[in-house]
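First up is the structure itself, then whatever we jot down about it.
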Amino acid sequence: MSMNLDSNVSFSTKSVHYQNKSDDENEEEDNKVISRSVSCPKVIESAKSMSDDEDHDEEKTKATNSVSYGSTAHYRAGYSTSLHNYLDSGVQTARDMKNRTKDKVNQAMEEVDRFAHKVWDGRWRVVSFFQLQEWQKDNEFLHHWHRPQIPSFKACLASIFRIHTETGNIWTHLLGVILFLGICVYYLCLPATQFINVWQEKVVFFLFFLGAVLCLLCSTLFHTLGCHSERVHKIFGKLDYSGIALMIMGSFVPWVYYSFYCDSEPKVVYMTSICVLGVATIGVSQYDKFNTSRFRSFRAVIFASLGLSGIIPAIHIAIKHGFMPSLTKGQLGWLYLMAVLYLTGAFLYAMRIPERYFPGKCDLVFQSHQIFHVLVVLAAVVHFHGISNLQKVRFLHGEQCMAGD
Ligand SMILES: [Zn+2]
């Protein structure tokens, strides 16, 4: 009992001593306590756990209360302030350490990123089919000259000027983009005197050019950037297929416009139908599975069907004008040639001919995808020729609609 009283008195004295000191002296003493506490593993542990806990203030109060339990109220007030301060300092130290570690990790990640970009900006080498990532494996009949995964858009764009399996695919459609942009500008700048209904006619031709340029551009981007990453490959793959549907829709518009110039009902029905089918095809091509090599034949069938839906208005024209006049006046001959080019391309693409018969020999040129690309551009040129002739026939005929038009 007397021992307790003595210790209470001595603690009380310490407390008074503490409270009588100036603020600077108290701070100096706190620092000493903190420096002792930092070297003490238990205190560090306590500080760490408190830094992780949102409600550490409550914890500290509990700790303080437990330490001061059994002491006098006077002692508790003074000593708990000191304990509170060095616990605060411990928590702050732990937070600082955490922030410093975070900064260092971020710096290191930025360094790795910069290094990776330096490596990929021109320092990649072509690889064989078996070295490709699983999502890049599309055609096992092309053995070598593949681009590896190149996680840099700059390096992917620069790969346009290097030799690999996609060089032919990129350039066949990039030159197509330049060609159709040139024809578009030329055609839209033709004088108004060459048209009957200048705005309507230029708009329907513009829709054809828009579909063609978007299709070829999306394809060029897919073949250029497709090796960046799986995510980019999927996004541009979907754009590529959507572009094909847009091209087919755009091709229908001027053809149906001139073929049913004097017959507005079938004109509206056929234009609406191709738009609905085209949008449905774009919707289907948004599924990830649609873009996989397993669905190659399904893709070919879907796009061939969309193109072949033109058979119905073609039969309509043949019945209306007779078979031979529909080939000359209706320009259906060019339409049939376009269909043959598209279908040949789709067949070669689906069957992977000729590389199937010459594995490893078509890695750079004459692979089915390149032939398909060339046939798509040729089909678009043939179609443009056909609709230009339709426009000329209409211009010579005049605006007046006669029986049988
Ligand atoms: Zn392609």
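We did not get these values from a lab; they are worked out from the coordinates using the rules stated. Remember, it's a predicted structure, so these values are computed and weren't measured experimentally. Note that each Cβ is placed from the backbone with ideal geometry, even for glycine, and that neighbours are counted across all protein chains shown.
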Q: Return, ordered by residue number, the residues of the stretch 146-162 whose backbone nitrogen is under 17 Å from a label point located 7 Å along Cα→Cβ of Ser229.
A: 148-157
Q: For the pairs Lys234/Lys267; Lys320/Lys392; Lys202/Lys238, note any where the Cα-Cα span goes beyond 25 Å.
A: Lys234/Lys267; Lys202/Lys238
Q) Going 7 Å from the Cα of Ala318 in the Cα-to-Cβ direction, what parts of the stretch 227-253 have a backbone nitrogen less than 11 Å from that spot? A) none
Q: Taking H placed 1.01 Å from N in the peptide plane, check which residues at least 5 places from Trp145 or on another chain put their amide H under 5 Å from its amide H.
A: Val127
Q | Table column - 3J(HN,Hα) (Hz), the stretch 325-340, Karplus curve with 6.51, -1.76, 1.60, x for Gly and Pro | A | x, 5, 6, 8, 5, x, 6, 5, x, 5, 5, 5, 4, 4, 4, 4
Q | More than 35 angstrom apart: percent of Cα pairs within the stretch 134-397 | A | 19 percent
Q | Local electrostatic count, Phe141, Cβ distance below 13 Å [Lys/Arg +1, Asp/Glu -1] | A | +1
Q: Please express the Cα-Cα pair-distance distribution P(r) of the stretch 237-316 as a list of whole percents, one per 5 Å bin, running from 0 to the bin with the greatest distance.
A: 3, 15, 26, 22, 14, 10, 6, 3, 1, 0
Q: Taking 7 Å along the Cα-to-C-beta vector as the label spot, tell me the Val284-Cys189 distance in nanometres, rounded to one decimal.
A: 4.1 nm
Q.
Could you compute the net charge surrounding Tyr349? Neighbours are other residues with a C-beta less than 12 Å from the C-beta of Tyr349; K and R count +1, D and E count -1.
A. +2
Q: Could you list the residues of the stretch 253-284 with an amide nitrogen less than 15 Å from a label point located 7 Å from the Cα of Gln200 in the Cα-to-C-beta direction?
A: 253-269, 271
